[in-house]
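The values are calculated or read from the model by the stated rules, or taken from the named source; none is laboratory data. Everything numeric in this text was worked out from a predicted model, so none of it was measured. Note that we place each Cβ from the backbone using ideal geometry, even for glycine, and neighbour counts take in every protein chain shown. Heads up: the accessible areas ignore ligands, DNA and RNA and are worked out on the full protein's heavy atoms, side chains in. Shrake-Rupley method; radii C 1.70, N 1.55, O 1.52, S 1.80 Å.
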Amino acid sequence: MDEENAPLSRFRFQRMLETLGKKEGRGTELITVYIPPGKQVSEVMNDLRSEWGTAGNIKSKPTRKNVQDALTKAMERLKLFKRIPDNGLVLFAGTIASDQLGVGDMETYVLIPPEPISIYYYRCEHRFMLEPLHELLRSEDTYGILVMDSKDATFALLKGRRADIVREITSGVPGKHRAGGQSARRFDRLREMHLNEYFTRVGKHITEIFLDVPNLKGIIVGGSGPTKEDFLKGNHIHYELKDRILTVVDTAYTGVEGIKEVVERSKDFLRNVRFYEERKIVQDFLRHIGHDTGLATYGEQEVIQALKSVNVKTLLLSEGVRRALLKLRCRECGHEEDRIVDLDELGEFEGNLDEIRCSKCGNSVYELTEKEDLIEALVKMAEEVGADVEMISTQTEEGEMILKSFGGIAAILKYRQFQ
Ligand SMILES: [Zn+2]
């Protein structure tokens, strides 16, 4: 995902899936092609050409034509790629059924998934096939887990609810009790040396395993006894990963059992990490509102106004906002007007456009010149004036509050506005 604003690209991807999910064909005629990275474009072209041939057997003439047209469109789009992108490629094409009988528009979409896909398939259905992409969206951030004591260390990757053991190593450090006849000092020195060598090895494995994991949110260290703390005190961890150690958990076991314990015990902690930034921002906003500092505002018009006067430091947008920004233009006098409408009421609004009177000349001859998701429109405005954008989920109490009490659109301002 876009490193700069992962929640935003996640939101965009989510909305895209929503839009695609609503499209329907009149018959079984919407095609979906999933192409994993590494696949040759020419090979996919061949497969699609052969599907085009097979589609010739479809009995219904209009369906046959639509499927073959969709395949042709998909191939046209695919041809523009020299190679399949690193995350793979998904093509959608088909004639979307409309309310008017016999009329439909051919629509084509090309999607580069936010994470690599591994499937290769072609589907022709009544709808676009989106499940694998929904699956991607559900996959959560990744955490590294290290469980260690003086005997062994186990490394795992936690993704969603699943922890996969990546590596297990033994320490080679002798136990605490020396053999008879050995001098205590010499024994301690040797043990110290072995421990140090073990810690260096653990550090190396941490780098090897965790440094290049995409979307790694941090590392949790667990284990029984003080060895893990001793390890963390030393200078054994790669500098880029040092400040990624999120927390240390005491466990009764090490090894696979220890990993399970860490997962179990860090549930609440992880939930908080995920939403930590989000809560901090919302709390900051609430503090301004609560203390009436004049440095915060909310509501569509208020925030748009603040954006226009280049006075927004941070724009807070709830994922739960489902509205569209429409630009209307009067055919008679040229007057332009913005309207904000619920996404669910969009169709109705457009249908009744000829009933709206121009607020300047009074004629009912408005035309719709632009239609955009309100969130997208606000993000663009924010980008133009250099304001930070924070997407706020509805999964925290604070996020719920932004949506329910403040309409999902709020801003922290640069300076106080004159009332
Ligand atoms: Zn007018």
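Keeping to region 359-410, report how many residues are within 16 Å of the ligand (Cβ to nearest atom) and touching a helix residue (DSSP H, G or I) at 6+ places or on another chain (Cβ under 8 Å).
5
Go through region 270-284 and report how many residues are open to solvent by 30 Å² or more (accessible area, probe 1.4 Å) and under 17 Å from residue 157 (Cβ atoms). Walk me through how you get there before you give the answer.
The initial filter retains those residues of region 270-284 that are open to solvent by 30 Å² or more (accessible area, probe 1.4 Å), namely 271-274, 276-277, 279-280, 283-284.
Within this subset, residues satisfying the condition of being under 17 Å from residue 157 (Cβ atoms) are 273-274.
So the answer is 2.
The rows are residues; the columns are (1) hydroxyl-bearing (Ser, Thr, Tyr); (2) more than 39 Å from the chain's Cα centre (by Cα); (3) surrounded by fewer than 15 Cβ atoms within 10 Å (Cβ to Cβ).
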residue: 149; (1), (2), (3): no, no, no
residue: 170; (1), (2), (3): yes, no, yes
residue: 198; (1), (2), (3): yes, no, no
residue: 237; (1), (2), (3): no, no, no
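If you go through region 386-408 one residue at a time, do you hit one that is at pLDDT 95 or above, surrounded by 19 or more Cβ atoms within 10 Å (Cβ to Cβ) and not in a helix (DSSP H, G or I)?
Scanning region 386-408, I find at least one residue that is at pLDDT 95 or above, surrounded by 19 or more Cβ atoms within 10 Å (Cβ to Cβ) and not in a helix (DSSP H, G or I), so the answer is yes.
Hey, could you check region 316-358 for residues that are open to solvent by 70 Å² or more (accessible area, probe 1.4 Å), assigned to a loop (DSSP other than H, G, I, E, B) and out of contact with any Asp or Glu (no Cβ under 6 Å at 6 or more places or on another chain) and say which is nearest to the ligand (Cβ to nearest atom)?
Checked region 316-358; the qualifying residue nearest to the ligand (Cβ to nearest atom) is 332.
Specify the residue that is surrounded by the most Cβ atoms within 10 Å (Cβ to Cβ); the eligible residues are those in region 359-371 that are of a type outside the set (D, E, K, R) and not in a strand (DSSP E or B). Lay out the reasoning, then the answer.
Looking only at region 359-371, we keep the residues that are of a type outside the set (D, E, K, R), and these are 359, 361-366, 368-369.
Then keep just the ones that are not in a strand (DSSP E or B); that gives 359, 361-365.
Details: 359: 11, 361: 12, 362: 10, 363: 13, 364: 13, 365: 15.
So, considering only residues that are of a type outside the set (D, E, K, R) and not in a strand (DSSP E or B), the one surrounded by the most Cβ atoms within 10 Å (Cβ to Cβ) is 365.
Would you point out which residue out of 416, 357 is in contact (Cβ under 8 Å) with a residue 60 or more places away in the chain and more than 19 Å from residue 11 (Cβ to Cβ)? Steps first, please.
Values: 357 fails: in contact (Cβ under 8 Å) with a residue 60 or more places away in the chain.
Matching residue, one of 416, 357: 416.
Tell me yes or no: at least one residue of region 200-213 is surrounded by 15 or more Cβ atoms within 10 Å (Cβ to Cβ) and assigned to a loop (DSSP other than H, G, I, E, B).
yes
This table checks each residue for (1) part of a loop (DSSP other than H, G, I, E, B); (2) open to solvent by 40 Å² or more (accessible area, probe 1.4 Å).
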{"site": "32", "(1), (2)": "no, no"}
{"site": "47", "(1), (2)": "no, yes"}
{"site": "68", "(1), (2)": "no, no"}
{"site": "71", "(1), (2)": "no, no"}
{"site": "82", "(1), (2)": "yes, yes"}
{"site": "92", "(1), (2)": "no, no"}
{"site": "129", "(1), (2)": "yes, yes"}
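Surrounded by 14 or more Cβ atoms within 10 Å (Cβ to Cβ) and basic (Lys, Arg): does that describe residue 233? Working first, answer last.
Details: surrounded by 14 or more Cβ atoms within 10 Å (Cβ to Cβ): no; basic (Lys, Arg): yes.
No.
Looking at (1) part of a helix (DSSP H, G or I); (2) at pLDDT 95 or above; (3) surrounded by 14 or more Cβ atoms within 10 Å (Cβ to Cβ), which is the only condition residue 287 fails?
Unmet condition: (3).
Every residue in region 392-419 that is over 21 Å from the mean Cα position of the chain (by Cα) and not hydrophobic (A, V, I, L, M, F, W, C), please. I'd like the intermediate steps shown before the answer.
First pass over region 392-419, keeping only residues over 21 Å from the mean Cα position of the chain (by Cα): 401, 404-407, 410-419.
Scanning region 392-419 gives 404, 405, 407, 414, 415, 416, 417, 419.
Restricting to region 242-254, give me the number of residues that are in a helix (DSSP H, G or I) and surrounded by 18 or more Cβ atoms within 10 Å (Cβ to Cβ).
Step one: list which residues in region 242-254 are in a helix (DSSP H, G or I), which gives 242.
Keeping just the survivors that are surrounded by 18 or more Cβ atoms within 10 Å (Cβ to Cβ) gives none.
Matching residues across region 242-254 total 0.
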